[in-house]
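Rule-based calculations on the coordinates, nothing more; no lab input. Keep in mind it's a predicted model, so treat the numbers as computed, not measured. FYI the Cβ positions are ideal-geometry reconstructions off the backbone, even for glycines, and counts take in every protein chain you see.
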């Protein structure tokens, strides 16, 4: 709400400037140059790759190779989607990606809420060291520990299992989500916990029943971040997963480029399939992302 | 009173129980491997020559600094990569944030569209932009030929002169929304009365930007530039899948070099040493950056 009123106030300032006599026309021309033109350029730059891939995904091979490039497929075909889904096994990769991302997200949420509650509600020895540990994990490059982790997982027999990457996603994403959860829980008055406990609720029920329900909107947003993060992850999945039965979508796409003859239509169709879940989630959390960051964690 | 005291004592272990799973998994999955990578960096540990495996002291580090021209080339490429990406993403991200902060019809939809590459993974960026850059089916050659920029088709990703710039543009596409989101959030926290006061004093658009907007954004800019710098320094997905460091190592950054040495060639000892050196360089950069800002070096 704040954002809207503030943005409107910006606009009124601009309008006040425009109230000098006979300047209505003068206002439109600069507006086109400093606002609509750049905005259109940005939109074209952002959307062109999506539109080109979308158009390619519906084209037949000769149409794709046609030098008179056109955005309208002629003839229009679903063949690429069909072939990537069944021949290139994207049905399997899609299932794997959904399973791995969902499982990771659920554990990330549970652990982050537990940590967030502990940090928000208790003073305990080692609390500040815990925070330092959480923050330091955010700086460590994956490249640094991927080698030993690969060797450890290998000796445990976890290489080429979904479990290996699920564990990895949980551990790498919990610290950041913990800090977000702490922010949400801080905003809830302690009296609510106390009232519930007077009524006979245990600590466990307070955290995972009552608190979690109150911060549900925040949880939905953060779990979307977590899900997108897991869905998009490439490096670790590529290093730890070796057989195509366990591939996630990013790995499936990577191996499609590596194949001898490049089937651009299927490549584009596979990309579109991989894009759908993160884009849908982004559309949902976009407003929260912009407004929430402003009011919360990274105040300017 | 007594009852409450007792309860507080009984609660003493609750926070530890809540954070225990996270602490244990971070120690096992992140800290132990980092310890291990330091250990590995003092060893010969290679799948290709297992008979040479063993402790070799500082040999790997000495080799890196005395016998490895590719290390210095990668370091230079990394610096170039981080520099270009952070500066261009900041400039364009700020521009996009200012555009999207204005009130206009359909702002919600335009915001979603412009910011959506934020949710797109490195591998999908590779997919979309490979279809754009492709010599025979790419749209970029078509557009540039129409505009008269080029006469013959260019293989953007295979040409040593164009590959670095092409990869930079593709990463920009994905990185600009990050800055736009962070800065847009910060823009919304600027109180409107500051603008009004400025208005009363008769300052124009340019003055308003340099005397109000920019100072208010300073903290956010410092924070997001640092985050992005670390992130771009470590980033590997897109470069690895788009060019794999080629052609002629024109796009081999340190993480790419390390990934190729260790995971792809199985030379874990040398790869670990590269990882340690890379991490220390990153650490030096971060400390230097924070010092510079604390002492006000970026103020004027």
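Tabulated results
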{"quantity": "Average partner coverage of A:155-165, which counts Cβ from other chains inside 10 Å", "calculated": "0"}
{"quantity": "Cα-based Rg of chain B normalised by 2.2 N^0.38 Å, two decimals", "calculated": "1.29"}
{"quantity": "Burial ranking of peptide ranges B:78-91, A:201-214, B:229-242 (average Cβ count within 10 Å, highest at the top)", "calculated": "B:229-242, B:78-91, A:201-214"}
{"quantity": "Over chain B, relative contact order from alpha-carbon pairs under 8 Å, at least 6 apart, %", "calculated": "28 percent"}
{"quantity": "Sequence ranges A:92-102, B:282-292, ranked by mean other-Cβ count within 10 angstrom, highest first", "calculated": "A:92-102, B:282-292"}
{"quantity": "Nearest-0.05 FRET efficiency for residue B:51 and residue A:287, computed from C-beta distance (R0 60 Å)", "calculated": "0.50"}
{"quantity": "Sites residue A:41 and residue A:98 - FRET efficiency at Förster radius 30 Å, r taken between beta-carbons, to 0.05", "calculated": "0.25"}
{"quantity": "Label point at residue B:11 placed 7 Å out along Cα→Cβ; residues across the stretch A:107-125 whose backbone nitrogen lies under 19 Å", "calculated": "A:113-125"}
{"quantity": "Sequence-separation-based contact order of the stretch B:121-166, relative, with Cα cut under 8 Å and 6+ spacing, percent", "calculated": "27 percent"}
{"quantity": "Efficiency of FRET from Cβ geometry, residue A:280 and residue A:106, R₀ 22 Å, rounded to 0.05", "calculated": "0.70"}
{"quantity": "Shielding by other protein chains, A:173-180, mean Cβ within 10 Å", "calculated": "1"}
{"quantity": "Of B:199, B:171, B:219, the one that fluctuates the most in a GNM where chain B has Cα springs shorter than 10 Å", "calculated": "B:199"}
{"quantity": "Percent of Cα pairs exceeding the 29 Å cut-off, where the set is chain A", "calculated": "55 percent"}
{"quantity": "Cα coordinate range in the protein assembly as shown, projected on the principal axes (Å, largest first)", "calculated": "79, 72, 51"}
{"quantity": "Prolate/oblate/rounded label for the stretch A:99-172 (Cα gyration tensor, a/c 1.5)", "calculated": "oblate"}
